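Notes to accompany the following structure.
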């Protein structure tokens, strides 16, 4: 389990304020990136190594994943 104390959560600037399905990401933690459901901030959190997260984001930007 990772210590998420001090996590600075942020939501995509493309997310609206209508309460839709959004995720929040904390990238300020040492060596990990944390992801949670914005509608359930006290709920479960997924954590990924910083390198894995970076590769995922690059893949999304390249269009490597089907939606």
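Coordinate-derived values only; no laboratory data. Since the structure is predicted, the reported quantities are computational estimates derived from the model, not experimental observations.
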Taking Cα pairs closer than 8 Å and at least 6 residues apart, the relative contact order of the chain in percent is 21
So what is the 222 nm mean residue ellipticity for the chain from helices alone, if each DSSP H run of at least 4 adds -39500 (n - 2.57) and you divide by all residues, rounding to the nearest 500 deg cm²/dmol? -6000 deg cm²/dmol
Per Stokes-Einstein, at 25 °C and 0.890 mPa s, what whole-number D in µm² s⁻¹ belongs to the chain, with the Kirkwood radius over Cα pairs as the hydrodynamic radius? 189
